[in-house]
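K.L.:
Below you will find the structure I want to go over with you.
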Amino acid sequence: MHKIQLVVLDMAGTVVNEDNVVYKTLQKAINQKGFDLTLDFVLEHGAGKEKHQAIRDILAQADAYGIDSEPIFENFKVLLDEAYDSLTVTSFEGVESLLKELRSKNIKIALNTGYATPIAEHLLEKMQWVKGDHYDVLVTADDVLFGRPNPDMIFEAMELLNVFEPDKVLKAGDSIIDIEEGKNAYCGITVGVTTGAHTRTQLESAKPTYVLDSLQELIEKLDL
């Protein structure tokens, strides 16, 4: 077992329980342009990505070439702000106890996300998560040139936290693209968790180290 120094956790669907509101809102914004896409379709082709890129990819998979993605993205941001204002946001059961265990072992914690920074920070405020208490750094799609599955966000977190060996990094997320991101960063451990976008079968197709039903299972897997 690699001695893990840094755990990089995706946000929505992995540590943040927001009932897939992001992808339901993405679905709504696209369908308002005359489409009839299912939530499963949106999750399959958009989960984990920077959200404008997710819209482009979903449209491409729907053979909607020539549709301007920019107005859909702008509408999505407005709709999401409205949805979040009234949404109760919590962490999944066991996540906060996992974070305490990790920190007690001097393992650093990074949150990373395909959200823009203001959305990510708004989520953390709603959960009353504090930097330096619940996590060490937040890295968003705004902070890097290339989003998932490129490893840039993980490398940014490593640089900020002075972790130099990727095999001492664990990446966990609820989508295939999270696992691909971890593999592209040469993380020592990659983890899929079934609490969000993708099913166990979908996650297993990406061949992570573990597929878990709860992040809390990491306490046992890492022998914390």
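The values are calculated or read from the model by the stated rules, or taken from the named source; none is laboratory data. The shown structure was predicted, so the numbers you read here are calculated from the model rather than taken from an experiment. Note that we place each Cβ from the backbone using ideal geometry, even for glycine, and neighbour counts take in every protein chain shown.
K.L.:
Among the listed residues Asp57, Asp68, Asp81, Asp63, which satisfies the condition of being in contact with a Gly (Cβ under 7 Å, 6 or more places away or on another chain) and among the acidic types (Asp, Glu)?
P.N.:
Asp57
K.L.:
Right, something else. In region 166-195, which residues are touching a Phe, Trp or Tyr at 6+ places or on another chain (Cβ under 9 Å), more than 21 Å from Lys100 (Cα to Cα) and among the small types (Gly, Ala, Ser)?
P.N.:
Ala185
K.L.:
Name the residue that is nearest to Leu222 (Cα to Cα), counting only residues in region 189-205 that are crowded, with 20+ Cβ neighbours inside 10 Å and modelled with pLDDT of 95 or more.
P.N.:
Top of the filtered list is Ile189.
K.L.:
Next question, about the same structure. If you check every pair at least six apart or on different chains, which have Cβ atoms under 6 Å apart with a residue in region 85-106 that is among the charged types (D, E, K, R) first and a residue that is at pLDDT 90 or above second?
P.N.:
Pairs that qualify, where the first residue is among the charged types (D, E, K, R) and the partner is at pLDDT 90 or above, are Glu101/Ile219.
K.L.:
May I pose another question? Ala197 versus (1) part of a loop (DSSP other than H, G, I, E, B); (2) without any contact (Cβ under 8 Å) to a residue 12 or more places away in the chain: which is the lone unmet condition?
P.N.:
Result: Ala197 passes all but (2).
K.L.:
Separate question: Mind telling me which of the residues Gly46, Gly13 ends up being at pLDDT below 95, assigned by TED's automatic domain parsing to the domain that holds Thr199 and under 14 Å from the mean Cα position of the chain (by Cα)?
P.N.:
Values: Gly46 fails: assigned by TED's automatic domain parsing to the domain that holds Thr199.
Just one listed residue meets the conditions, Gly13.
K.L.:
For region 183-194, enumerate the residues that are free of Cβ contacts under 8 Å to residues at least 40 places away in the same chain and within 14 Å of the chain's Cα centre (by Cα).
P.N.:
Taking region 183-194 first, the residues free of Cβ contacts under 8 Å to residues at least 40 places away in the same chain are 183-186, 190-192, 194.
Selection gives Thr190, Val191, Gly192, Thr194.
K.L.:
Restricting the search to region 92-104, which residues are in contact with a helix residue (DSSP H, G or I) (Cβ under 6 Å, 6 or more places away or on another chain) and under 17 Å from Lys126 (Cβ atoms)?
P.N.:
Listed by number, the list holds a single entry, Val95.
K.L.:
Tally time: how many residues in region 1-19 are farther than 21 Å from Leu138 by Cβ and buried (at least 17 other Cβ atoms within 10 Å of the Cβ)?
P.N.:
If we filter region 1-19 for residues that are farther than 21 Å from Leu138 by Cβ, which is where we start, we get 1-3, 19.
Still in the running and buried (at least 17 other Cβ atoms within 10 Å of the Cβ): none.
Result for region 1-19: 0.
K.L.:
From the list Glu159, Glu180, pick out the single residue that is assigned by TED's automatic domain parsing to the domain that holds Ala12, crowded, with 16+ Cβ neighbours inside 10 Å and among the charged types (D, E, K, R). Before the answer, list the steps.
P.N.:
Numbers: Glu159 fails: crowded, with 16+ Cβ neighbours inside 10 Å.
The match here is Glu180.
K.L.:
Right, here's the next one. Can you tell me which of Leu160, Leu170 is aliphatic (A, V, I, L, M) and within 30 Å of Thr88 (Cα to Cα)?
P.N.:
Numbers: Leu160 fails: within 30 Å of Thr88 (Cα to Cα).
Of the residues listed, the single one that is aliphatic (A, V, I, L, M) and within 30 Å of Thr88 (Cα to Cα) is Leu170.
K.L.:
Based on what the data block shows, is Asp174 touching a helix residue (DSSP H, G or I) at 6+ places or on another chain (Cβ under 9 Å), without any contact (Cβ under 8 Å) to a residue 40 or more places away in the chain and not assigned by TED's automatic domain parsing to the domain that holds Leu39? Before you say what the answer is, go through the steps one by one.
P.N.:
Working: touching a helix residue (DSSP H, G or I) at 6+ places or on another chain (Cβ under 9 Å): yes; without any contact (Cβ under 8 Å) to a residue 40 or more places away in the chain: no; not assigned by TED's automatic domain parsing to the domain that holds Leu39: yes.
No; evaluated as a whole, the condition is false for this residue.
K.L.:
Could you check region 125-156 and list, in sequence order, the residues that are surrounded by 14 or more Cβ atoms within 10 Å (Cβ to Cβ) and over 24 Å from Glu96 (Cβ atoms)?
P.N.:
Ala141, Asp142, Asp143, Val144, Gly147, Arg148, Pro149, Asn150, Pro151, Asp152, Phe155, Glu156
K.L.:
Same structure again: Of everything in region 206-218, what is in contact (Cβ under 8 Å) with a residue 40 or more places away in the chain and surrounded by fewer than 16 Cβ atoms within 10 Å (Cβ to Cβ)? Give them in sequence order.
P.N.:
Ser214
K.L.:
Could you check region 84-128 and list, in sequence order, the residues that are modelled with pLDDT of 95 or more, in a helix (DSSP H, G or I) and either β-branched (Val, Ile, Thr) or touching a Ser or Thr at 6+ places or on another chain (Cβ under 7 Å) (or both)?
P.N.:
Val95
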